[in-house]
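The values are calculated or read from the model by the stated rules, or taken from the named source; none is laboratory data. Keep in mind that what you see is a predicted model, and the values were worked out from it rather than measured. Note that each Cβ is placed from the backbone with ideal geometry, even for glycine, and that neighbours are counted across all protein chains shown.
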Amino acid sequence: MKWFKIVLAVLLSLLAAGLLVMTAAILMDPIRLENRQPTALKTDSIFVPQEPEETPESADLTEDEEPLPEEPPAEEVPQTEEVPEEVQKASAYLAGMTKEEKIWQLFFVTPENLTGVGLATRAGDTTKEALRQRPVGGLCYFAANLEDREQVVELLGNTQSYAKTPLFLGVDEEGGVVSRVGSNEALGVTKFESAAEYGKRADMGEVYQVGETMARELSVLGFNLNFAPVADVLVEPENTEIGSRSYSGDSSRLFNGVVSSSSSPTPMIRRPPP
């Protein structure tokens, strides 16, 4: 029993000594970490400094010289052309029109289409109101609308005065079989031959004189547009729709190298105003 106590006391002493050694080792480890010197990381082999490339601009500069600042690109000055006064006025007038007014300007109708009357020979309040509601671009008149010189001048003058935007007042005055104005003796204008007759003679002086006279006489009445002459070439002689309204059936011959030197027109039937 005595020996058992002695052995137990020795084992307890050894266990206590072992615990003391372990505790001391644990306490000393942080101290060793604090006294350890950090190892320097060598980066010479990782980061190699690059020499700046020499540009053509910098190659010519010395150490004391500074590069000149780049000049900004010159601004292009737009070339402005002088706009004619007539174009300026037209553009300003167009800008002041409504969309509906611009659309109505595309229409060219008869006075009966505009007013809804059976036959238009006068222009009064009905025409004025119709133009206010439907400001068309132009009107075309036929023989039935034209009675005598005074009536036509009044009809066209009143109609034009009612329009906010000046109207085209047109008529078919070709001469020959299509003559809305010249066929009426009461209008006192020239009655011209058909285009085919002038084409046969191929006299440019005569043709010019016809056009000039026709334009002047229609203008005095109040017309500012004539749907003439016909530009068709009569390639089919049996075409009665064109017929004598065309100057010729040969486009290569018509007024090409066959113009006479005569500058005076052939006699025409002229009627003085009534």
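Considering only the stretch 91-107, state which residues are of a type in the set (A, V, I, L, M, F, W, C), in a helix (DSSP H, G or I) and in contact (Cβ under 8 Å) with a residue 12 or more places away in the chain. If the condition is that a residue be of a type in the set (A, V, I, L, M, F, W, C), in a helix (DSSP H, G or I) and in contact (Cβ under 8 Å) with a residue 12 or more places away in the chain, then W104 is the only one that fits. Of all the criteria given as (1) outside any loop (DSSP other than H, G, I, E, B); (2) of a type outside the set (V, I, T); (3) outside the structural domain of A123 (by TED's automatic domain parsing), the one not satisfied by N158 is (3). Checked against (1) surrounded by 11 or more Cβ atoms within 10 Å (Cβ to Cβ); (2) not in a loop (DSSP other than H, G, I, E, B), E147 passes all but a single condition, namely (2).
Restricting the first member to the stretch 210-233 and to residues that are on the phi > 0 side of the Ramachandran plot, and the second to residues that are modelled with pLDDT of 95 or more and aliphatic (A, V, I, L, M), the beta-carbon pairs closer than 9 Å and six or more apart or on different chains are G222/V152; G222/V153; G222/L155; G222/L156; G222/L169. Is it the case, given these coordinates, that E185 is more than 30 Å from P237 (Cα to Cα), outside the structural domain of F107 (by TED's automatic domain parsing) and of a type in the set (D, E, K, R)? Spelling it out, E185 is indeed more than 30 Å from P237 (Cα to Cα), outside the structural domain of F107 (by TED's automatic domain parsing) and of a type in the set (D, E, K, R). Restricting attention to the stretch 108-138 and to residues that are of a type in the set (K, R) and in a helix (DSSP H, G or I), the residue that is nearest to the chain's Cα centre (by Cα) turns out to be R132. Within the stretch 211-232, can you find the residues that are closer than 23 Å to S252 by Cβ and either part of a strand (DSSP E or B) or in contact with a Pro (Cβ under 9 Å, 6 or more places away or on another chain) (or both)? If the condition is that a residue be closer than 23 Å to S252 by Cβ and either part of a strand (DSSP E or B) or in contact with a Pro (Cβ under 9 Å, 6 or more places away or on another chain) (or both), then G211 is the only one that fits. Going by the conditions given, is V181 at pLDDT 95 or above and buried (at least 18 other Cβ atoms within 10 Å of the Cβ)? Judged against the criteria, V181 is a match.
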